[in-house]
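A short worksheet on the structure shown next.
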Amino acid sequence: MSKFKTYLPIGIGALALLIYGFTFVVQEYEVAIKLRLGQIVGDDYRAGLHFKVPVLNNVKIFDRRIQTMDSRPERFLTVEKKDVIVDSYTKWRISNAAQFFRSTGGNIPRTSRLLSERVNTSLRDEFGKRTIQEVVSDDRLAIMALLTKDVNENAQDLGIEVVDVRVKKIDLPPEVSESVYQRMRAERDRVARDLRAQGGEAAERIRADADRQRTVIVAEAFRESEETRGEGDARASQIFASAFNQDREFYSFFRSLSAYRQSLGQDDVMVLQPDSDFFRFFRDPAGQ
């Protein structure tokens, strides 16, 4: 009994070592390949416990989650042969574990270096088709979609899938920035001049229309005033004629008195002959 108690821990330890040597575990976020004397004999392992032969088999396990490769800013030429400095990053993950091991040896730094070359090639091709203005102001989503598709196709031989390629920032070298800003400023000035010219033309049209309306309104008001004045004069003449016909002698006397009132007693000097018809009512002793 004492020997059993002595050898039991040893047996359990030996069994644990045996199980550890003959099995391997693949997590949900991992992919694995099994090698036999350096040759790949299996690469389709789901998450769980799997078996191997110690010494004869070797297992490589890789992380299949999305990885991020942050590239260094690089210079690229546009179609105008001008430099732009592009800062980008790439999202990728392992799609074929066996091919990934054959191409990169499972080395992440080496994978990043090979992938960076392909990303730079695609960036160079895409930016070489566009002007600086198109690169800066066009729809970047369309450019990045083309980049992702192109890089993914070129990276199939690495056993990886490129999920996304993003351009974080596009800068211009100092020697290019000033010329671009000057051209953009000139373009904005041209647009501003066009807008001012259109505004001036619209203002002239509004002024001309206002002047026309003012002329028409003044002419119509003058016509109406003349018509009203003519009607008033006609009405006054009619009243005068009616009063004159009722008593011509009294009407003449009243008009003479009005003339005396307006003419006499003013500072003006009026020279008339004594027998002038103007004083005919003063000469008449009967007051006729």
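The values are calculated or read from the model by the stated rules, or taken from the named source; none is laboratory data. Computed from a predicted structure; not experimentally measured. For neighbour counting, all protein chains shown are included, and Cβ atoms are generated from backbone atoms with ideal geometry for every residue, glycine included.
Suppose we keep only residues that are among the basic types (K, R) and over 14 Å from the mean Cα position of the chain (by Cα) within the range 121-143. Which one would you say is modelled with the lowest pLDDT?
Initially, the range 121-143 is screened for residues among the basic types (K, R), giving 124, 129-130, 140.
Add one more test, that the residue is over 14 Å from the mean Cα position of the chain (by Cα), and what stays is 124, 129-130.
Values: R124: 90, K129: 86, R130: 83.
The extreme case among them is R130.
Please work out if R93 is within 30 Å of R36 (Cβ to Cβ) and part of a helix (DSSP H, G or I).
Working: within 30 Å of R36 (Cβ to Cβ): yes; part of a helix (DSSP H, G or I): no.
No.
Keeping to the range 71-106, report how many residues are among the charged types (D, E, K, R) and either under 26 Å from the mean Cα position of the chain (by Cα) or more than 30 Å from S179 (Cβ to Cβ) (or both). Here the count works out to 7.
Pull up the range 36-80, narrow it to residues that are of a type in the set (A, V, I, L, M, F, W, C) and in contact with a Lys or Arg (Cβ under 7 Å, 6 or more places away or on another chain), then point me to the one that is farthest from I94 (Cα to Cα).
Applying the first criterion (of a type in the set (A, V, I, L, M, F, W, C)) to the range 36-80 yields 37, 40-41, 47, 49, 51, 53, 55-56, 59, 61-62, 66, 69, 76-77, 79.
With in contact with a Lys or Arg (Cβ under 7 Å, 6 or more places away or on another chain) added as a condition, the list becomes 41, 56, 59, 66, 76, 79.
Working: V41: 18, L56: 26, V59: 16, I66: 8, F76: 29, V79: 35 Å.
It comes out as V79.
Checking the stated criteria, M184 turns out not to satisfy the condition of being hydrophobic (A, V, I, L, M, F, W, C), surrounded by 15 or more Cβ atoms within 10 Å (Cβ to Cβ) and assigned to a helix (DSSP H, G or I). Only one of these conditions is not met by P109: (1) part of a helix (DSSP H, G or I); (2) surrounded by 15 or more Cβ atoms within 10 Å (Cβ to Cβ); (3) more than 27 Å from the chain's Cα centre (by Cα); (4) not aliphatic (A, V, I, L, M). Which number is it? The single condition P109 does not satisfy is (2). Checking the condition among the aliphatic types (A, V, I, L, M) and over 28 Å from S122 (Cα atoms), which residue from V167, V136, V191, V151 passes? The match here is V191.
The residues of the range 53-90 that are in a loop (DSSP other than H, G, I, E, B) and out of contact with any Phe, Trp or Tyr (no Cβ under 8 Å at 6 or more places or on another chain), listed by number, are V55, L56, R72, P73, V79, E80, K81, K82.
Exactly one residue out of S116, S122 is surrounded by 14 or more Cβ atoms within 10 Å (Cβ to Cβ) and in contact with a Leu (Cβ under 9 Å, 6 or more places away or on another chain): that is S122.
With the structure loaded, tell me whether R36 is surrounded by 10 or more Cβ atoms within 10 Å (Cβ to Cβ) and either modelled with pLDDT under 85 or outside the structural domain of R118 (by TED's automatic domain parsing) (or both) or whether it fails that test. Please lay out each step first, then the result.
Working: surrounded by 10 or more Cβ atoms within 10 Å (Cβ to Cβ): yes; either modelled with pLDDT under 85 or outside the structural domain of R118 (by TED's automatic domain parsing) (or both): yes.
Yes, satisfied.
Of the residues that sit in the range 119-132 and are part of a helix (DSSP H, G or I) and touching a residue at least 40 places away in the same chain (Cβ under 8 Å), which one is nearest to A186 (Cα to Cα)? Among those residues, the one meeting the criterion is I132. Filtered by the rule that a residue be surrounded by 13 or more Cβ atoms within 10 Å (Cβ to Cβ) and either in a strand (DSSP E or B) or β-branched (V, I, T) (or both), the range 42-52 gives G42, H50. Candidates are the residues of the range 90-106 that are among the aliphatic types (A, V, I, L, M) and over 13 Å from I66 (Cα atoms); the one that is surrounded by the fewest Cβ atoms within 10 Å (Cβ to Cβ) is A98.
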